[in-house]
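Some notes on the structure that comes next.
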Amino acid sequence: MGKTAVVTGASRGIGAAVAVGLAEDGFDIAAVGLPDPERVAELASQVEALGRRLVVYDLDLARLGEHAAVLSAVLRDGGSIDCLVNNAGVSVLQRGNLLDVSVESYDRCFAVNTRGTFFWTQAVARVMVDAPRPEGHHRSIVFVTSSNAVAATVERGEYCMSKTALSMAAKLFALRLVSHGIGVYEVQPGIILTDMTAPVKARYDAFMASGGLVESRWGQPGDVARVVRTMAAGLLPYTVAQDVRVDGGLLVTRF
């Protein structure tokens, strides 16, 4: 019997790298997220070249009322869920003064990054708990949070707050689901070269040149994907409610 991985925000960046990596490891991919036909078509060709299947489901995680129908469609097409990767997320509408943060930007970060992801995970977790434990398959849920779950960036405070809350959600689900044989993990990417970081590339280039990182290079989506693949493969059996940093040493305390 095949394995199915649900990857939110799979069309680009970290999500796309994770989807391809999991396909290499034998997972069919359920790509859940906002419509992105061109990028999804490219991703589908990569996944299918590996002999796996990719099915796309349009969903704005902030629309909680649409979760049930999409989840039902995923189960109808795939039969089961062996892995959930919570990768989808949004950044701030505009970097700037904390004293000028808008309600719109604040609510958007929490609606997608925290509220939407929490309730999507809750729905998937219920399905996984009720399903028979598959022999030979490790079941997992991976939260892709951010270094900003730990490190404060005043210019995008609402994003930091939403990721800090999501980091706690990862710990809570880990504790709740461990007795069901479901591994729950958190990955904290640092400065990764994606569409989200492209607008501030010059700033981060200067930060790296000044010694801001221990390993002074941009992180790549594939760096994160390799860690997610390790988790999904069940190779961290004694890791519970702990975060794994993929940040080139960004958060290492130095003096």
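The values are calculated or read from the model by the stated rules, or taken from the named source; none is laboratory data. Everything quoted here is computed from the prediction, not taken from an experiment. Here the Cβ is made from the backbone with ideal geometry for all residues, glycine too, and neighbour counts use every protein chain on show.
At-a-glance table
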| item | result |
| --- | --- |
| Test: residue in the range 181-188 that is outside any loop (DSSP other than H, G, I, E, B), farther than 20 Å from Gly89 by Cα and not polar (S, T, N, Q) | yes |
| Any hit, the range 192-208, residues being of a type in the set (Phe, Trp, Tyr), farther than 30 Å from Lys3 by Cα and assigned to a helix (DSSP H, G or I) | yes |
| Lone unmet requirement of (1) buried (at least 16 other Cβ atoms within 10 Å of the Cβ); (2) among the acidic types (Asp, Glu); (3) more than 25 Å from Arg126 (Cβ to Cβ) for Glu186 | (3) |
| Restricting the range 1-26 to residues that are in contact with an Asp or Glu (Cβ under 7 Å, 6 or more places away or on another chain), farther than 14 Å from His138 by Cβ and not basic (Lys, Arg), the residue that is modelled with the lowest pLDDT | Gly2 |
| Residues satisfying the stated conditions in the range 195-209, i.e. among the acidic types (Asp, Glu) and at pLDDT 90 or above | Asp205 |
| Search result, residues across the range 90-112 that are of a type in the set (D, E, K, R) and either within 20 Å of the chain's Cα centre (by Cα) or on the phi > 0 side of the Ramachandran plot (or both) | Asp107, Arg108 |
| Residue match in the range 216-230 (condition: at pLDDT below 95 and over 21 Å from Ala16 (Cα atoms)) | yes |
| Selection from the range 106-121 of residues that are surrounded by fewer than 20 Cβ atoms within 10 Å (Cβ to Cβ), over 16 Å from Ser167 (Cβ atoms) and touching a residue at least 12 places away in the same chain (Cβ under 8 Å) | Tyr106, Arg108, Ala111, Phe119 |
| Criterion (under 19 Å from the mean Cα position of the chain (by Cα) and of a type in the set (Asp, Glu)) met by exactly one of Asp223, Asp205 | Asp223 |
| Residues being among the hydrophobic types (A, V, I, L, M, F, W, C), in a loop (DSSP other than H, G, I, E, B), surrounded by fewer than 24 Cβ atoms within 10 Å (Cβ to Cβ) and touching a strand residue (DSSP E or B) at 6+ places or on another chain (Cβ under 7 Å) - total across the range 1-30 | 0 |
| Positions within the range 72-89 being under 17 Å from the mean Cα position of the chain (by Cα) and either surrounded by fewer than 20 Cβ atoms within 10 Å (Cβ to Cβ) or not in a loop (DSSP other than H, G, I, E, B) (or both), in sequence order | Cys83, Leu84, Val85, Asn86 |
